[in-house]
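Read through the structure below, which is laid out as C-alpha cells, and then see the notes.
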Amino acid sequence: MVSFLYSPDVDQLSHSGSRQNFVNRWIWGGLDPRYVSDLDVNWDAVMKVIEKLGERNDYQGVGLLNFNNSEISYWKHLMPDATHVALQLDYADKNMTWDSLYPEWIDEEQEKEVPVCPSLPKPETLRKRLDLIAVKLPCRNEVNWSRDVARLHLQLAAASLAASAKGLYPIHLLFITERFPIPNLFTCKELVVREGNVWLYKPDVNVLRDKLQLPVGSCELSLPLQDRERVYSGNPQREAYATILHSAHVYVCGAIAAAQSIRLSGSTRDLVILVDETISVYHRSGLEKAGWKIRTIQRIRNPKAEKDAYNEWNYSKFRLWQLTDYDKIIFIDADLLILRNIDFLFGMPEISATGNNATLFNSEVKQKKTSLFGAEPPILYVLHYLGVKPWLCFRDYDCNWNVDIFQEFASDIAHEKWWRVHDAMPEQLHQFCSLKSKQKAQLEYDRREAEKANYTDGHWKVRVQDRRLQKCIDNVCNWKSMLKHWGETNWTDYEFLNPSPPAISTASLSGL
C-alpha cells in the first residue's frame, strides 16, 4: 500500500501540504460521501472530447480531481505521454451547509460581528504545468443538485488551479457530470465541446482570477458602510443601468426619480428601460425625458403565478439578457433611490445580487438606522422603498405609519430623502407623480383607520398639506365621496380614468 501511494507513476499531491495527511485520511477517515460520484465515466465520450485538444503529445500535465484509482489508470492509458497528477482536496467541514454559505440575513452594519463566510479548503499552487484539469462532479440531490457544497467546492478548486497557471499555454477544464457546471464560473461561450456527460471548457484564466477574488457565498458580499470611495472606469459605452415596467403605470414616477438619483450620484452610464405595450405614449415620453432609453418588449408570464398577482409577469426580466449591445447591466427596481455612485458594481466579474427584503426600518437600533438614512454626505449607497411607495403617499409624511402591516417599512427620513430627489427634477416631470382619486381615498381611509386605532406614532394627527390632493387627473374629483362606498366591488378603476394626456414634447423639456 505504501509503495502504491508513493509510486512515481502517479504523483499524489495533498492540498493540505502533507503526504502524511493524505495517507492518514485515506487509511482512517475514508471517503466523504458528499464528494463521491457514482456516475460511470463514458470513456468513448472522453476520447472524443480529448481529440478536440489537438496533439496530445503537447500536453505535459493532466490534473485529475475526484477520480478513483481505476479511473486514474484509464486516464494514463488515454494520454500515455502526459504526466498525470492525482489531486487530493481536503474536504469541507462536515457542518458546512448551503445555508451557511448563503444565509437569508447578513449583519450589514456589523453591530455584533464582521460577517465572514465559512472557508473551503483551497488547493496549493502546483509547481507542475497542468494543461488539462479533469474533475468528476457529484450529483447527489436530484432536486437541489446545484446547491451542493461538495459540488461547488470541487469546481472552485478546479478554477483555482487553472487560474494559478503562470505560463501562456492554453488550459482546458474537463468536467464529468450529468448536470452543467456553474455557468457564472464556466460560461457557455467557453464551452468547447460536450459529449454526453463530458464537458470541455477553455476558460479565460484572467477572468477566472478576477472571479476568484470574490468571497464564496453571500455571507460577506455586503459592502462595508465605512469603506473608502471606490473608483472604476471600465467601458462606459458598453455598460448601462436598466429597469423594467410592465402591466401598469404606477411605477413610472418611481422610475423617473430613480433616473434622477443616478444622475445626481454622478453616473453618466446609459439608462435603459424595458416597457411593454401597456405603458402609454404619454408615460413613455416622461420616462424618455427623464433620461431613459425606451426598449419595447413583449412581457413574459410567470407560469407559477396566480392571475393578476403582483408577480404575474415578473419573468419579463429575462428580457434583460437581450440587451446584447451592452457588456454589463446593473438592474435596479424602479422603487430604488441611488444615494452614492455605484458604477463600481460594473467591475464585478460575475453576476451578483443583493437580497430584496432586508428591512432596516424597524430595528432595536432604530436610532442608528435613522442616522444612516439622513446622513449627509450619504453613507448608504441605495435605499429600497418597500410597502407603500413615497410617490403614492402624502408627501407630508411616510403613510406606511398608518398601516399596521407596513409600519416596519416606515421612515420619515427616508421618505423625505425621496421627495428631495423628486423636487430636484424638472418641474414638468412632476405631473407623472400625481395622485389618482382612488389612491387619495385609500390614503384617507388608512389615516382614519390609524386614528381609530390610536396608533402611538401619531402621524394620523398631521394636517396634510400635499398640494396633489387638490389636483384631479381622472373623472372622479370628489375623492372623499368615494369613502362612502369603500370596499364595495361593483366599481373599478377604469371608470375613474381619463384618457392619457398627449406626450410631452421635446421642446417643452430639456433632458436631465
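The values are calculated or read from the model by the stated rules, or taken from the named source; none is laboratory data. What you are looking at is a predicted structure, and each value in this text was computed from that prediction instead of being measured. Glycine gets a Cβ as well: all are built from the backbone with ideal geometry, and neighbour counts include every protein chain shown.
Got a sec? Which of 495, 451 is in a helix (DSSP H, G or I), modelled with pLDDT of 90 or more, out of contact with any Ser or Thr (no Cβ under 7 Å at 6 or more places or on another chain) and more than 18 Å from residue 415 (Cα to Cα)?
Working: 495 fails: modelled with pLDDT of 90 or more.
The conditions single out 451.
Could you list, ordered by first residue, the pairs with Cβ atoms under 6 Å in which the first is in segment 42-60 and under 13 Å from residue 134 (Cβ atoms) and the second is acidic (Asp, Glu) and at pLDDT 95 or above, at least 6 apart or interchain?
Every condition considered, the pairs that remain are 45/195; 49/195.
Scan segment 408-426 for residues that are in contact with a Phe, Trp or Tyr (Cβ under 7 Å, 6 or more places away or on another chain) and outside any helix (DSSP H, G or I) and report the count.
Within segment 408-426, residues that are in contact with a Phe, Trp or Tyr (Cβ under 7 Å, 6 or more places away or on another chain) and outside any helix (DSSP H, G or I) number 2.
Please work out which residue is modelled with the lowest pLDDT, limiting yourself to segment 22-57 and to residues that are of a type in the set (Val, Ile, Thr) and within 30 Å of residue 98 (Cα to Cα).
Taking segment 22-57 and keeping what is of a type in the set (Val, Ile, Thr), we get 23, 27, 36, 41, 46, 49-50.
Pick out the ones that are also within 30 Å of residue 98 (Cα to Cα) and you get 23, 27, 36, 41.
Values: 23: 40, 27: 36, 36: 93, 41: 94.
Among those that are of a type in the set (Val, Ile, Thr) and within 30 Å of residue 98 (Cα to Cα), it is 27.
Listed here are the residues, each with its yes/no results for (1) surrounded by fewer than 21 Cβ atoms within 10 Å (Cβ to Cβ); (2) under 30 Å from residue 231 (Cα atoms); (3) of a type in the set (S, T, N, Q).
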| residue | (1), (2), (3) |
| --- | --- |
| 246 | no, no, no |
| 265 | yes, yes, yes |
| 274 | no, yes, no |
| 283 | no, no, no |
| 293 | yes, yes, no |
| 296 | yes, no, yes |
| 303 | yes, no, no |
| 306 | yes, no, no |
| 338 | no, yes, no |
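Would you check if residue 81 is in a loop (DSSP other than H, G, I, E, B), out of contact with any strand residue (DSSP E or B) (no Cβ under 7 Å at 6 or more places or on another chain) and over 26 Å from residue 145 (Cβ atoms)?
yes
Of everything in segment 238-282, what is part of a helix (DSSP H, G or I) and either closer than 23 Å to residue 307 by Cβ or not small (Gly, Ala, Ser) (or both)? Give them in sequence order. Can you show your working first?
Here is the first cut: in segment 238-282, the residues part of a helix (DSSP H, G or I) are 238, 252-264, 281-282.
The answer is 238, 252, 253, 256, 260, 262, 263, 264, 281, 282.
Taking the criterion of being small (Gly, Ala, Ser), at pLDDT below 95 and out of contact with any Asp or Glu (no Cβ under 9 Å at 6 or more places or on another chain), would at least one residue in segment 367-378 satisfy it? Reasoning before the result, please.
So in segment 367-378, the residues small (Gly, Ala, Ser) come out as 371, 374-375.
Those still in the list that are at pLDDT below 95 too: 371, 374-375.
Of the ones still in play, those that are also out of contact with any Asp or Glu (no Cβ under 9 Å at 6 or more places or on another chain) are 371, 375.
Within segment 367-378 (the criterion being small (Gly, Ala, Ser), at pLDDT below 95 and out of contact with any Asp or Glu (no Cβ under 9 Å at 6 or more places or on another chain)), the answer is yes, since at least one residue qualifies.
Okay, residues lined up against (1) among the charged types (D, E, K, R); (2) at pLDDT below 90; (3) not assigned by TED's automatic domain parsing to the domain that holds residue 367:
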| site | (1), (2), (3) |
| --- | --- |
| 72 | no, no, yes |
| 83 | no, no, yes |
| 88 | no, yes, yes |
| 96 | no, no, yes |
| 105 | no, yes, yes |
| 120 | no, no, yes |
| 131 | yes, no, yes |
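Taking the criterion of being of a type outside the set (Lys, Arg), in contact with a helix residue (DSSP H, G or I) (Cβ under 7 Å, 6 or more places away or on another chain) and within 25 Å of residue 105 (Cα to Cα), would at least one residue in segment 177-190 satisfy it? Break it down into steps so the answer makes sense when it comes.
First, the residues of segment 177-190 that are of a type outside the set (Lys, Arg): 177-178, 180-188, 190.
Those left that are additionally in contact with a helix residue (DSSP H, G or I) (Cβ under 7 Å, 6 or more places away or on another chain): 181-182, 185.
If we keep only those that are within 25 Å of residue 105 (Cα to Cα) as well, we get 182, 185.
Checking segment 177-190: at least one residue is of a type outside the set (Lys, Arg), in contact with a helix residue (DSSP H, G or I) (Cβ under 7 Å, 6 or more places away or on another chain) and within 25 Å of residue 105 (Cα to Cα).
Only one residue in 179, 147 is farther than 14 Å from residue 205 by Cα, of a type in the set (D, E, K, R) and out of contact with any Ser or Thr (no Cβ under 9 Å at 6 or more places or on another chain), so which one is that? First the steps, then the outcome.
On the way: 179 fails: out of contact with any Ser or Thr (no Cβ under 9 Å at 6 or more places or on another chain).
When all the criteria are applied, what remains is 147.
Can you tell me which residues in segment 390-441 are of a type in the set (Gly, Ala, Ser) and within 27 Å of residue 478 (Cβ to Cβ)? Working first, answer last.
Within segment 390-441, the first condition is being of a type in the set (Gly, Ala, Ser), and the residues that meet it are 410-411, 414, 424, 434, 437, 441.
Those that are of a type in the set (Gly, Ala, Ser) and within 27 Å of residue 478 (Cβ to Cβ): 434, 437, 441.
Might you let me know whether segment 191-205 holds any residue that is under 22 Å from the mean Cα position of the chain (by Cα) and either more than 27 Å from residue 60 (Cβ to Cβ) or not in a strand (DSSP E or B) (or both)?
Restricting attention to segment 191-205, the residues satisfying the condition of being under 22 Å from the mean Cα position of the chain (by Cα) are none.
No: zero hits.
Can you find a residue in segment 355-374 that is touching a Leu at 6+ places or on another chain (Cβ under 8 Å), farther than 26 Å from residue 469 by Cβ, of a type outside the set (Ser, Thr, Tyr) and part of a loop (DSSP other than H, G, I, E, B)?
yes
Please verify whether segment 293-301 includes one or more residues that are farther than 23 Å from residue 337 by Cα, hydroxyl-bearing (Ser, Thr, Tyr) and part of a loop (DSSP other than H, G, I, E, B). Working first, answer last.
Of all residues in segment 293-301, those farther than 23 Å from residue 337 by Cα come to 296-301.
Imposing the further condition that a residue be hydroxyl-bearing (Ser, Thr, Tyr) reduces the set to 296.
Filter once more, keeping what is part of a loop (DSSP other than H, G, I, E, B): none.
For segment 293-301, residues farther than 23 Å from residue 337 by Cα, hydroxyl-bearing (Ser, Thr, Tyr) and part of a loop (DSSP other than H, G, I, E, B): absent.
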